[in-house]
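Here's the structure, in structure tokens; my notes come after.
The values are calculated or read from the model by the stated rules, or taken from the named source; none is laboratory data. Treat the numbers as computed from the prediction; the structure is a model and nothing was measured. In this analysis, Cβ positions are derived from the backbone assuming ideal geometry, glycine residues included, and neighbour counts consider all displayed protein chains.
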């Protein structure tokens with residue numbers, strides 16, 4: 001496995017020489033994760049490197065750690081930017097790392113770790129779009145008995161609801177918070193009293209959203225929607241366009257797929273096929289990016305209150321249509337600019353183009369090719385119906 005660029009940058013940083021620095025701590029952590037140092041004895045008892053770089057559990061742990069680091073970077077950046085900006089437009093894939101992964105049932109599969117970075121141009125925090133946005137404003141009572149802490153917060157503005165401190169600050173505290181809609185220049189449009197969530201409520205919502213996964217029942221249901229191709233009991237590579245197995249030794253078509261909807265990437269080797277256990281493990285790993293997309297794009301309060309069957313259906317939709325983005329060429333492609341996202345996030349939303357949530361959900365038809373899948377997803381979302389096709 002090659003040494004990733006972000007680790008090379010850490011190792012070359014002058015701060016790395018200081019063992020108490022963040023650069024040193026980060027570099028050592030990732031070196032231990034990426035290079036577990038597993039050695040195996042050969043026939044003579046001499047220790048030799050194994051044919052794999054890490055186990056599947058280690059691979060998933062590393063990818064999860066990389067994603068957590070990106071989430072922390074996003075949270076830090078959001079605190080310095082206008083909250084109406086889409087920070088996801090600045091996320092870029094910096095590099096991929098080819099990794100030989102030992103699967104639980106044996107066999108080594110070529111996989112890739114993905115390293116993302118935030119590339120935010122100078123002045124992005126001033127790039128407020130020409131539309132209204134919501135802010136939260138702290139108000140302190142102006143009196144001789146007002147404590148210094150409360151007085152210092154008077155007029156303070158929070159752009160993210162999760163950043164609002166607990167209130168009351170102390171017994172008999174008379175501070176209040178308003179939820180203000182302002183225009184692109186910061187001028188108020190309307191205001192209303194706001195009751196902030198307690199620290200426990202914020203943590204519970206964040207915890208629930210971060211840990212949300214498809215249910216076991218939903219996973220089996222989604223497997224049927226995705227389909228698969230097996231030969232002699234093992235998952236084999238197939239052409240997604242035709243559903244036919246790809247013979248070993250022949251060039252892979254553009255839509256070469258294995259297991260449950262895993263589009264084979266450059267460098268991945270599935271020529272030996274996959275057991276059901278390995279195919280399921282790969283499917284669960286592929287679903288992680290879908291969970292992350294939903295957590296980022298769907299309101300956290302909405303997600304926290306969403307029944308499991310609705311979440312399972314949403315996972316199936318997003319896994320199929322992708323995350324989308326704010327780029328103009330991605331209009332009507334993916335979740336980000338979709339009408340169904342607006343319906344889910346805002347119960348008062350209305351659309352002339354898609355007058356109902358069902359019509360917005362089923363707008364992703366691919367010229368009718370996906371009608372049956374959208375019907376199955378909507379029946380689950382609306383009626384808790386796991387019958388599938």
**Request:** Select from the range 375-389 the residues that are in contact (Cβ under 8 Å) with a residue 40 or more places away in the chain and within 25 Å of the chain's Cα centre (by Cα) and list them in ascending order.
**Result:** 376, 377, 378, 380, 381, 384, 386
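Residues are listed down the side, and each one gets a yes or a no for (1) surrounded by 13 or more Cβ atoms within 10 Å (Cβ to Cβ); (2) modelled with pLDDT under 75; (3) on the phi > 0 side of the Ramachandran plot:
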position: 172; (1), (2), (3): no, no, yes
position: 178; (1), (2), (3): yes, no, no
position: 182; (1), (2), (3): yes, no, no
position: 186; (1), (2), (3): no, yes, yes
position: 189; (1), (2), (3): no, no, no
position: 197; (1), (2), (3): yes, yes, no
position: 202; (1), (2), (3): yes, yes, no
position: 206; (1), (2), (3): yes, yes, no
**Request:** Please work out if residue 288 is buried (at least 16 other Cβ atoms within 10 Å of the Cβ) and at pLDDT below 95.
**Result:** no
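So that you can scan it fast, the table gives a plain yes or no per residue for (1) modelled with pLDDT of 70 or more; (2) in the same structural domain as residue 278 (by TED's automatic domain parsing); (3) more than 22 Å from the chain's Cα centre (by Cα):
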position: 30; (1), (2), (3): yes, no, no
position: 40; (1), (2), (3): no, no, yes
position: 44; (1), (2), (3): yes, no, yes
position: 69; (1), (2), (3): yes, no, no
position: 85; (1), (2), (3): no, no, no
position: 93; (1), (2), (3): yes, no, no
position: 102; (1), (2), (3): yes, no, yes
position: 111; (1), (2), (3): yes, no, no
position: 138; (1), (2), (3): yes, no, yes
**Prompt:** Which of (1) surrounded by 14 or more Cβ atoms within 10 Å (Cβ to Cβ); (2) in a loop (DSSP other than H, G, I, E, B); (3) under 22 Å from the mean Cα position of the chain (by Cα); (4) free of Cβ contacts under 8 Å to residues at least 60 places away in the same chain is the odd one out, the single condition residue 325 does not satisfy?
**Reply:** (4)
**Message:** With within 19 Å of residue 290 (Cβ to Cβ), in the same structural domain as residue 293 (by TED's automatic domain parsing) and loosely packed, with under 13 Cβ neighbours inside 10 Å as the only criterion, which of 366, 352 stands out?
**Reply:** 366
**Request:** Assess whether residue 354 counts as being in contact (Cβ under 8 Å) with a residue 24 or more places away in the chain, assigned to a loop (DSSP other than H, G, I, E, B) and touching a helix residue (DSSP H, G or I) at 6+ places or on another chain (Cβ under 6 Å).
**Result:** no
**Message:** Just to be sure I understand, how many residues within the range 338-349 are loosely packed, with under 11 Cβ neighbours inside 10 Å and in contact with a helix residue (DSSP H, G or I) (Cβ under 8 Å, 6 or more places away or on another chain)?
**Reply:** 0
**Asked** Being surrounded by 18 or more Cβ atoms within 10 Å (Cβ to Cβ), modelled with pLDDT of 90 or more and more than 19 Å from residue 380 (Cα to Cα), is that true of even one residue in the range 309-320?
**Response** no
**Request:** For residues that are under 19 Å from residue 109 (Cα atoms) and touching a strand residue (DSSP E or B) at 6+ places or on another chain (Cβ under 8 Å), tally how many sit in the range 213-239.
**Result:** 8
**Request:** Return the total of residues in the range 240-275 being in contact with a strand residue (DSSP E or B) (Cβ under 7 Å, 6 or more places away or on another chain) and either in a loop (DSSP other than H, G, I, E, B) or surrounded by fewer than 20 Cβ atoms within 10 Å (Cβ to Cβ) (or both).
**Result:** 17
**Message:** Between 372, 359, which is outside the structural domain of residue 70 (by TED's automatic domain parsing), more than 18 Å from the chain's Cα centre (by Cα), surrounded by fewer than 14 Cβ atoms within 10 Å (Cβ to Cβ) and part of a helix (DSSP H, G or I)?
**Reply:** 372
**Message:** Quick check on the range 286-306. Is at least one of its residues closer than 18 Å to residue 100 by Cα and within 12 Å of the chain's Cα centre (by Cα)?
**Reply:** yes
